[in-house]
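Everything on this sheet refers to the single structure shown next.
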Amino acid sequence: MKKFLLAIAMVAFGFTANAQDGEFNAGVNLGLPIGDVSDFYSFTIGAEVNYLFSVSDDFKVGPSVGFTQFFGSDVEVLGVTVEGADASFMPLAAAGRFAVSEEFTLGADLGYAIGLSPDGNDGGFYYRPMVGYNISENVMLQATYSGVSVDGGSFSNIGLGVMFGL
């Protein structure tokens, strides 16, 4: 895993070394847990900041850091209600964005999400494909699917968010 992350970092920094200008973005999103965790978590919130460098007129890459919180839901086990614990992650990733048109953008973040809570959450491989729609020059609506592969499963969600160019 360390070699994979090093390779991602080298590619991202290799692109940025040739870039002339960058763009700082920050955003927030809300999501619904799906897959392995949908029975144990009710919803997610997240935040992300990235700094993207232009590789070409339509393609940008750069580093991204975020925070994602999965809110635990109560689960009934053998007639006893068990309170679900929240889980949180801090994704560190390389981000790529491709402008399909003036309005639409396709992108992905790949990296590692550090597990912040609960105890024993070591984190795992992080992936986040996205589709964006530009409302204005500095505001983009996003639809995303994100996941963190952990031992024994994954923390996945589908979400909607907004990114602001700063």
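Tell me what the chain gives for mean residue ellipticity at 222 nm when only DSSP H runs of n ≥ 4 count, each as -39,500 (n - 2.57), the sum divided by the residue total, rounded to 500 deg cm²/dmol. Helix-only estimate at 222 nm: -3000 deg cm²/dmol. In this label model, LEU30 and LEU141 are separated by 1.4 nm, measuring between points 7 Å along each Cα→Cβ vector. Surface exposure of the chain, expressed per residue as accessible area with a 1.4 Å probe, stands at 56 Å².
Dipole magnitude of the chain about its Cα centre, charges +1 at Lys/Arg Cβ and -1 at Asp/Glu Cβ only, in debye to the nearest 20?
Working: 5 positive and 18 negative charges, 101 e Å.
It comes to approximately 480 debye.
Using Cα centres only, tell me the gap between region 70-106 and region 111-159 in whole Å. Cα centroid of region 70-106 versus Cα centroid of region 111-159: 6 Å apart.
In square angstrom, rounded to the nearest 10, how much accessible surface does VAL162 have for a 1.4 Å probe? Here the residue's solvent-accessible area equals roughly 30 Å². In the list [x] 18.9, 60; [y] 15.0, 46; [z] 16.9, 61, the label attached to Rg and Dmax of the Cα atoms in Å as derived from the coordinates here is [z].
Rounded to a whole number, what % of the accessible area of region 7-166 do carbon and sulfur atoms account for, probe 1.4 Å? Display every interim value, and only then the final one.
Numbers: 5390 of 8570 Å².
The computed percentage sits at 63.
Note on region 55-136: dipole from Cβ charges, positive end direction compared against GLY124, LEU110, VAL75; the farthest Cα belongs to LEU110.
If exposed GluC sites (Glu not before Pro) are those in a DSSP loop with at most 15 other Cβ within 10 Å, what is the longest stretch of the chain that has none? It would help to have the intermediate numbers written out before the result.
Numbers: sites that count: GLU83, GLU102, GLU103, GLU137.
Excluding the exposed sites themselves, the longest stretch runs over 1-82.
The values are calculated or read from the model by the stated rules, or taken from the named source; none is laboratory data. Predicted model, so just to flag it, every value in this text is computed and none were measured. Cβ coordinates were reconstructed from backbone atoms using ideal geometry, including for glycine residues, and neighbour counts include every protein chain displayed. Keep in mind that these areas ignore ligands, DNA and RNA; they rest on the heavy atoms of the full protein, side chains included. Shrake-Rupley method; radii C 1.70, N 1.55, O 1.52, S 1.80 Å.
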